[in-house]
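The values are calculated or read from the model by the stated rules, or taken from the named source; none is laboratory data. What you are looking at is a predicted structure, and each value in this text was computed from that prediction instead of being measured. Here the Cβ is made from the backbone with ideal geometry for all residues, glycine too, and neighbour counts use every protein chain on show.
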Amino acid sequence: MTDDLTRLTVKEAHRLLRLGSVSAADMVTAHVERIERLDPHVKAYLRFTPELWEKQAAEADRLIHEGESRPLLGIPIAIKDVLCVRGVETTAGSQILKGFRPPYTATAVQRLFDAGALMLGVTNCDEFAMGSSTENSSYFPTRNPWDLERVPGGSSGGSAAAVAAGEAMIALGTDTGGSIRQPAALCGVVGMKPTYGRVSRYGLIAFASSLDQVGPFARSVDDAAVVLSLMSGFDPLDATSSERPGMEVLNNYGAGVKGMRLGVPREYYDVKGIEPGVKAAIDAALAVLRMQGAETVDVSLPHTDYGLAAYYIIAPAECSSNLARFDGVRYGLSEVDAPNITEQYLETRRKGFGGEVLRRVMLGTYALSSGYYDAYYLKAQKVRTLIKRDFDEAFKKCDAIVSATSPTVAFPLGAKTQDPLSMYLCDVLTLGGNLAGLPGISVPCGTSDGLPVGLQVLAPQWGENVALRVARAYEEASQVTAQVADVV
Amino acid sequence: MLARLGIEPGDEAYYAEQLSGILEHIDRLQQLDTEHIPPTAQVVEVASRLREDEPRPSLTQEEALANAPAAVNGFFRVPSIQEET
């Protein structure tokens, strides 16, 4: 019976909690039991936070008893290892931050705590969110709950796997080039990246500041929508935080797709390396949406072939600057007994950073260095303009853009670790949304060879409600919903 | 050296080869004529915001030093920054 509590959506759990048929403490017990049984196989979590869940569950049960209703009261959540939680070790999947206990809590997390959520633990991710498989974690790789020999995607692979395995009802991730949407697709759950500026980045360990956004993983579009609405809205502690009201993400999102125009970019539809099974699942999803009264229209994003190249200048350039702070002086790993300060920097960073971080810092430093700045960084920023204009043009012909989230289903562990470029290509359909600042959602749309496929819906900036509307209409009409994987 | 990265001796060639492959892919950007295209640094229009310069609560010295690998007398301790003469 308690195991059933780990299969609920937030909406269902909320109802049971309010009726008093289960308590927040029961929710925790059910999830902890399932984690103890499955996580040794899935390895979604890096660490657990009993000191938080005990306190938060007791508080939730007290509030429920007093008749208070909050949207996430008693709901168990997991947090990616890049979002600071006061007093809880937060390491960005890296050795260089081992032992770091933040003195403050990220705004996005705090808002979920304020809504009554219970924190179960910290989820695994690629080091500094750099990667598409969670194999770049400096601790261990996370496994895909649907096939333990395959990756969960990344970089928020631990969060996606936790939700897919019933080890959390909601998880937070971050998306810089696809790090929420791609693992959501590969694990068969819903994942949403909001418009740049919608959710505060305060307390997020920065990777690429002009691209990073925080967003939710859930097992239904409704759950993702409610969690996103709670996290959204102005925060004076993030200079790029929008003043638009957070609740607008829910505007009219249940209205269905009748009369909507859905753009199918030919460059995405026929992207190089797309698997036939993925394409078939997308074709079937488009048919469902047409049956619901949407019109699909042919659109073009002509600079798609240049997106990856622009992204792999801009993101590493920003990361090389953001990661300069890891010098062994104020926190984390340190070679404090080095003979001089330069040796301290070099040794700390040699021991603390893994291979992918080194590659990106080198690439970014090169692209920003004197003599190469115009040819690389400035050029990439100009191409970013062209990519944004592609989307602006496409959105003149359609209300939202639909495609596969990932060209492939989950791949075996180790399949792409020796060839960085092949790993980077995992994000070819998602990183355009980051470069253009768009909101995007991935929803489960069936399987290929028994593995989940994700449908991506991109909307114009501030159009989260449009993306959610298409995703929800698809979910409702197709009856394809996120399932809980039983793993073993 | 500019990036202050220490690399394991012997790994230089491994990284050089991988980075060459990535740069080769990136070189396709040069095919595009961007002479009259403005760069995008910030993708969403947000007006620059300044707050009043007023004192407000922040971390205490103790909190700021709590994660320090080495602290002495309320300072972060680092190795010598100048050569001994």
Of the conditions (1) under 23 Å from A:Asp399 (Cα atoms); (2) in contact with a Leu (Cβ under 7 Å, 6 or more places away or on another chain); (3) among the polar types (S, T, N, Q), the single one that A:Ser242 does not satisfy is (2)
Quick check on the stretch A:420-433. Is at least one of its residues in contact (Cβ under 8 Å) with a residue 60 or more places away in the chain, over 17 Å from B:Gly21 (Cβ atoms) and within 11 Å of chain B (Cβ to nearest Cβ)? yes
Sole miss for A:Asp235 among (1) touching a Leu at 6+ places or on another chain (Cβ under 9 Å); (2) in a loop (DSSP other than H, G, I, E, B); (3) surrounded by 17 or more Cβ atoms within 10 Å (Cβ to Cβ) is condition (1)
Of those in the stretch B:42-83 that are more than 29 Å from A:Lys98 (Cα to Cα) and surrounded by 10 or more Cβ atoms within 10 Å (Cβ to Cβ), the residue modelled with the lowest pLDDT is B:Val46
Among B:Ile37, B:Ile26, the single one that is assigned to a loop (DSSP other than H, G, I, E, B), more than 21 Å from the chain's Cα centre (by Cα), within 7 Å of chain A (Cβ to nearest Cβ) and surrounded by 16 or more Cβ atoms within 10 Å (Cβ to Cβ) is B:Ile37
Picking from A:Arg389, A:Arg350, the residue that is of a type in the set (D, E, K, R) and modelled with pLDDT under 95 would be A:Arg350
Counting only residues that are of a type outside the set (A, V, I, L, M, F, W, C) and under 14 Å from A:Gly188 (Cβ atoms), the stretch A:432-447 contains a total of 4
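Taking the options A:Arg360, A:Arg349, name whichever one is more than 8 Å from chain B (Cβ to nearest Cβ) and buried (at least 22 other Cβ atoms within 10 Å of the Cβ).
A:Arg360
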Filtering the stretch A:377-391 down to residues that are surrounded by 20 or more Cβ atoms within 10 Å (Cβ to Cβ) and more than 7 Å from every other protein chain (Cβ to nearest Cβ) yields A:Tyr377, A:Ile387, A:Asp390, A:Phe391
(request) Considering every residue within the stretch A:396-415, establish whether at least one is crowded, with 23+ Cβ neighbours inside 10 Å, part of a loop (DSSP other than H, G, I, E, B), at pLDDT 95 or above and within 13 Å of another protein chain (Cβ to nearest Cβ). (result) no
Here, strands (runs of 3 or more DSSP E) confined to the stretch A:109-214 with at least 1 residues that are closer than 30 Å to A:Lys388 by Cα are A:170-175, A:190-193
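Name the residues in the stretch A:331-375 that are in a loop (DSSP other than H, G, I, E, B) and polar (S, T, N, Q), would you?
The first filter runs over the stretch A:331-375 and keeps only residues in a loop (DSSP other than H, G, I, E, B), leaving A:331-340, A:353-354, A:369-373.
Passing the criteria: A:Ser334, A:Asn340, A:Ser369, A:Ser370.
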Of those in the stretch A:149-170 that are under 16 Å from A:Arg34 (Cβ atoms) and not small (Gly, Ala, Ser), the residue surrounded by the most Cβ atoms within 10 Å (Cβ to Cβ) is A:Val163
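Could you tell me whether B:Ser20 is assigned to a helix (DSSP H, G or I), of a type in the set (Gly, Ala, Ser) and more than 8 Å from every other protein chain (Cβ to nearest Cβ)? Even if it seems obvious, please write down each step before you answer.
Details: assigned to a helix (DSSP H, G or I): yes; of a type in the set (Gly, Ala, Ser): yes; more than 8 Å from every other protein chain (Cβ to nearest Cβ): yes.
Spelling it out, B:Ser20 is indeed assigned to a helix (DSSP H, G or I), of a type in the set (Gly, Ala, Ser) and more than 8 Å from every other protein chain (Cβ to nearest Cβ).
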Log entry, pairs with first residue in the stretch B:56-77 being more than 9 Å from every other protein chain (Cβ to nearest Cβ), second being buried (at least 16 other Cβ atoms within 10 Å of the Cβ) and of a type outside the set (Val, Ile, Thr), beta carbons closer than 6 Å, six or more apart or on different chains, reads B:Ala71/B:Leu65
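With respect to B:Leu65, determine if the residue is in contact with a strand residue (DSSP E or B) (Cβ under 7 Å, 6 or more places away or on another chain) and farther than 20 Å from A:Tyr311 by Cα.
On the way: in contact with a strand residue (DSSP E or B) (Cβ under 7 Å, 6 or more places away or on another chain): yes; farther than 20 Å from A:Tyr311 by Cα: yes.
So B:Leu65 passes the test.
Which of the residues belonging to the stretch A:212-232 are within 14 Å of another protein chain (Cβ to nearest Cβ) and either of a type in the set (Asp, Glu) or surrounded by fewer than 23 Cβ atoms within 10 Å (Cβ to Cβ) (or both)?
So the first thing to find is which residues in the stretch A:212-232 are within 14 Å of another protein chain (Cβ to nearest Cβ), and the list is A:212-213, A:232.
Passing the criteria: only A:Asp212.
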(1) among the hydrophobic types (A, V, I, L, M, F, W, C); (2) under 21 Å from B:Gln18 (Cα atoms); (3) more than 7 Å from chain B (Cβ to nearest Cβ); (4) without any contact (Cβ under 8 Å) to a residue 40 or more places away in the chain all hold for A:Ala367 apart from (4)
Across the stretch A:334-392, the tally of residues that are touching a helix residue (DSSP H, G or I) at 6+ places or on another chain (Cβ under 8 Å) and not small (Gly, Ala, Ser) stands at 30
If we keep only residues of the stretch A:309-337 that are touching a residue at least 40 places away in the same chain (Cβ under 8 Å) and surrounded by fewer than 21 Cβ atoms within 10 Å (Cβ to Cβ), then the residue farthest from the other protein chains (Cβ to nearest Cβ) is A:Asn322
